[in-house]
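Participant: Can you keep this structure in mind? I'll have questions shortly.
The values are calculated or read from the model by the stated rules, or taken from the named source; none is laboratory data. Keep in mind that this is a model prediction, so the values were computed, not measured. Neighbour counts run over all protein chains shown; Cβ positions are idealised from the backbone, glycine included. SASA here: full protein model, heavy atoms, side chains in, ligands and nucleic acids out. Shrake-Rupley method; radii C 1.70, N 1.55, O 1.52, S 1.80 Å.
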Amino acid sequence: MIVAGVDIGSLTAKAIILSDGKTIGESLIMTGHNSRIAGRNALELALKDAKLDDSALSYIVATGYGRLSVEFASEQVTEITCHAKGAHALYPEVRTVIDLGGQDSKAIAIGEDGKVVDFVMNEKCAAGTGRFLEVMASALEVELKELGDISLQSKSPAPISSVCTVFAESEVVSRVAEGVSKVDIIAGIHNAIASRIYAMAVRIPVREKIVMTGGVAYNVGVVRALEERFKTSIIVPEKPQHMGALGAAIIAGERFSSLKK
Amino acid sequence: MNEELDKVKQIRDDPSFYAKTWKERTGGKVIGIFCSYVPEELIAAAGALPFRVFGSNKPVSRSGAHLQTYCCSFARTALDSTLRRELEFLDGAVFTHTCDTMQRLSDIWRLNAGFDFHADFVLPVRFGGELAWEYHLHELEGFRSRLEAFLGGIDANKLEKSIQTYNTNRGLLEELYMLKCQNPELISCEDVFSLVYTSMIMEKEEHNGILEKVVSNLKSERKNKGQKEELFGVGSIMDQWEFLRIIEDVGGTIVDDLFCNGRRYFEGQVVCNGDLLEAVGRRLWERMACPCKHGGKSFAKDLPERVKNSGAKGVIFFLLKFCDPHAFEYPHAKKMLDDCGIPSLHIEFEYGSLPAGQTRTRVEAFLETLRGRRD
């Protein structure tokens, strides 16, 4: 049985191909302005990676914001359910998923059976998401992917009090003008994210183990700041950005199996 | 039935047009009201049209000079509507004592809206006890006097007829809700809420005619009970039609609720045995209390039983941002539901800014959670 999960997010589109539960192909591309085309391209790249064409697929589940625009999907499932499924498949001990994506952040409470018990998402604000970090990286003239390692050098993180991305950027510029080091500013930004995410997450029951998904999980500084806030270690999968697509593919397998019965 | 529902939606989408047309046709006066605690029967008995003022999804331009941004968008947009002269057909307004924002809005409205009639109907904050009841009656008598001074006399015959008309309307809405609960596929929740909404705008006799046709049609409809996830709605105002369409689109429907412009508007009958004014007051006294009020029937305590009786499997709290009374009640209500194992989803909204994509994801994920619990 070969199935696919396609996660079309606000920033990136990902796809995973599973063959009897084993990953045989994957992809990650920028979504751009057309989520339908992005979804199709992500799937085709993953199929190419698996050396297959789409006739091999028995079932496709689409997730993410762009899930409704994907006409080739057998079913659409929200990213909340998919991230929970993906994280639980890799880490059955997970009870909380913190997903920090391009423009979304979520906290998901999972039961012992891996099912979603409760969840909370960011409201209209992008603070705490990849977009927030992009804006900050640009303001500080550093590469996005360098932020994490740079912040680990900080001995005295600069407090960033603004919760809004736009106002926080102004604050960062002010800190630079005051002569505060980039290292401390970046660490302060990561602490601000962690505070924001913690404040959101505690609206649901937060239990160990915590797994972090989404692209922001590649930022070791954010992970460290979150661990300090939650006072526990956080599991980061090898490919945190693909958790939604993995969960979608697993659900595709489950759906197809139950249809066959 | 579709013809009736289309007519209802037209009125729903342009209530001002209805009110203006009614005014031209009857020569009567239109009194704006902001709360379901207003004893509308008195206004109707005086020959006027009680017209519920709702918020607006248009961007706010003028009310920012009068109300702070931490006031709810219902107050800010309703004030904006009148400051933009969109409510000129109103002859007056009645404000009730509910929350701080509405109390302040009353003064601001009185000073800026320029209508001939303005009344504050100051209900007790705490219901229960002889003193509060006496005060409640006194306030009702005072309100009647103020209405009579502006609209003319309200004799017992007129009041009794008005009460009967309102009771008929309440009974029909109760039947509508019952039919919806029995078979959620019969009518969409958007249509149900549209029918309650227009009841708060239209002349009651006319609305009763529409309701009778709709209820009669629904009774004779044969539709199979489908797979829709049955939900219970809680909040102050439900007039976000796109939100209701999203719920239906993702496989859910609201089968019962405790919205101000939902069940809480029409629940209970006025029982006329003795003094009519007292009877009207008794219904307001005994109905499900709004979170603005204390004592009386507890909003949160009653919620789990209402949810179970409706057959709903989950609750959506659809709360207006900056509505403090509902926000204060929410943790208590949620705990009541959590203790009974009833899942709930909390969505906060503001007029004019309901993000469709995010909202859809939340509701859809909630329904997936409900289905997961069942499997």
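Participant: Work out Dmax and Rg for the protein assembly as shown from the C-alpha atoms and quote the Rg first, both in angstrom.
Facilitator: Spelled out, the Cα radius of gyration and Dmax of the protein assembly as shown are 27.7, 86 Å.
Participant: What does the accessible area per residue of region B:18-67 come to in Å², with a 1.4 Å probe and no ligands, DNA or RNA counted?
Facilitator: Accessible area per residue, region B:18-67: 36 Å².
Participant: Going through region B:40-119, which trypsin sites (Lys or Arg not before Pro) have at most 11 other Cβ atoms within 10 Å and a DSSP loop state?
Facilitator: When the trypsin sites (Lys or Arg not before Pro) of region B:40-119 are filtered for loop state and at most 11 Cβ neighbours within 10 Å, B:R85 remain.
Participant: Right, another one. Using a Gaussian network for chain A with springs between C-alpha atoms less than 10 Å apart, which of these wobbles most: A:G21, A:G101, A:G215?
Facilitator: A:G21
Participant: Here is a follow-up. Would you mind telling me the antiparallel percentage of the DSSP bridges in the protein assembly as shown, rounded to 5?
Facilitator: For the protein assembly as shown, the DSSP antiparallel bridge percentage is about 35.
Participant: Viscosity 0.692 mPa s, temperature 37 °C: give me the Stokes-Einstein translational D for chain B in µm²/s, with Rh taken as the Kirkwood radius over C-alpha pairs.
Facilitator: Roughly 155 µm²/s, to the nearest whole number.
Participant: Using a loss threshold of 10 Å², tell me which positions in region A:108-130 are less accessible in the complex than in their chain alone. Probe radius 1.4 Å, ligands and nucleic acids ignored.
Facilitator: Buried on complex formation: A:K115, A:V116, A:V117, A:D118, A:F119, A:M121, A:N122, A:E123, A:K124.
Participant: Taking all pairs of distinct Cα atoms, average 1/r, flip it, and tell me the Kirkwood hydrodynamic radius of region B:247-347 in Å to one decimal place.
Facilitator: When all Cα pairs of region B:247-347 are included, the Kirkwood radius is 15.0 Å.
Participant: Based on DSSP H runs of at least 4 residues, each adding -39500 (n - 2.57), what is the mean residue ellipticity at 222 nm of chain A after dividing by all its residues, to the nearest 500 deg cm²/dmol?
Facilitator: Roughly -13000 deg cm²/dmol at 222 nm, from the helical runs in chain A.
Participant: Write down the accessible area per residue of region A:93-206 in Å², having rolled a 1.4 Å probe over the full set of protein chains.
Facilitator: Result: 44 Å² of accessible area for each residue.
Participant: With the calculation restricted to Cα positions, what are the radius of gyration and Dmax of region A:111-183 in angstrom?
Facilitator: Using the Cα atoms of region A:111-183, the pair Rg, Dmax is 15.6, 52 Å.
Participant: With respect to the cross-link table entries A:K48/A:K145; B:K58/B:K321; A:K182/A:K231; A:K14/A:K239; A:K261/B:K225, which display a Cα-Cα separation exceeding 20 Å?
Facilitator: Distance filter (> 20 Å) returns A:K48/A:K145; A:K182/A:K231; A:K261/B:K225.
Participant: Among residues other than B:G209 whose Cβ falls under 14 Å from its Cβ, what is the net charge (Lys/Arg +1, Asp/Glu -1)?
Facilitator: Taking every Cβ under 14 Å from that of B:G209, the sum is -3.
Participant: OK, next. For region B:1-96, just the Cα atoms, rotate onto the principal axes and tell me the three extents in Å, largest first.
Facilitator: Extents along the principal axes: 40, 32, 24 Å.
Participant: Once the piece of chain linking A:S58 and A:M30 is laid out straight, how much longer is it, given 0.36 nm per residue of separation minus the C-alpha distance between them?
Facilitator: 7.5 nm
Participant: Taking a label point 7 Å from the Cα of A:E93 along the Cα→Cβ vector, which residues of region A:205-233 have an amide N closer than 13 Å to it?
Facilitator: What the label zone holds, given the 13 Å backbone N cut-off, is A:208-211, A:233.
Participant: Using a 1.4 angstrom probe and counting only protein chains, how large is the accessible area of B:C260 in Å², to 10?
Facilitator: B:C260 exposes around 20 Å² with every protein chain in place.
Participant: Are there GluC sites (Glu not before Pro) in region B:129-225 that DSSP marks as loop and that have at most 14 other Cβ atoms within 10 Å, and which are they?
Facilitator: Passing both the DSSP loop test and the Cβ count: B:E185, B:E221.
Participant: At what distance in angstrom do the alpha carbon centres of region B:59-82 and region B:238-258 lie from each other?
Facilitator: 26
Participant: Round to a whole number: what % of the accessible area of the protein assembly as shown belongs to carbon and sulfur, probe 1.4 Å?
Facilitator: Carbon and sulfur: 49 percent of the exposed surface of the protein assembly as shown.
Participant: Kindly provide the helix-only [θ] at 222 nm of chain B, computed as the sum of -39,500 (n - 2.57) over DSSP H runs of four or more divided by all residues, to the nearest 500 deg cm²/dmol?
Facilitator: -17000 deg cm²/dmol
Participant: For chain A, take the convex hull of the Cα atoms, compute a quarter of its surface area, and give me that in nm², please.
Facilitator: 13.5
Participant: For B:G295, list long-range residues whose amide hydrogen, built 1.01 Å from N in the peptide plane, is under 5 Å from its own amide hydrogen.
Facilitator: Amide H neighbours of B:G295, under 5 Å, 5+ apart: B:F127.
Participant: Still on this structure, I have one more. Accessible area per residue, 1.4 Å probe, Å², for region B:205-292: what's the number?
Facilitator: Spelled out: the 1.4 Å probe surface of region B:205-292, per residue, equals 37 Å².
Participant: Aspartates and glutamates near A:K85 by alpha-carbon distance under 14 Å, same-chain residues fewer than 8 away left out - which ones?
Facilitator: A:D7, A:E93, A:D99, A:E112, A:D113, A:D118, A:E254, B:E368
Participant: Let me ask something additional. What is the projected area of the convex hull of the Cα atoms of region A:93-236, averaged over all directions, in nm²?
Facilitator: Averaged projected area of region A:93-236's Cα convex hull equals 7.7 nm².
Participant: Over both sides of the B-A contact, add up the buried accessible area with a 1.4 Å probe and give it to the nearest 100 Å².
Facilitator: Chain pair B/A: roughly 1500 Å² of buried accessible area.
Participant: Another question about this same structure. So in region A:93-236, what percent of DSSP beta bridges are antiparallel if you round to the nearest 5?
Facilitator: Looking only at bridges with both residues in region A:93-236, the antiparallel portion is about 60 percent.
Participant: Another question, if that's okay. Please state the Cα pair-distance histogram of region B:295-334 with 5 angstrom bins from zero: what percent is in each bin?
Facilitator: Once binned at 5 Å, the Cα pair distances of region B:295-334 give 5, 20, 28, 25, 16, 5, 0.
Participant: In whole angstrom, note down how far apart the Cα centers of region B:181-235 and region A:78-155 are.
Facilitator: 42
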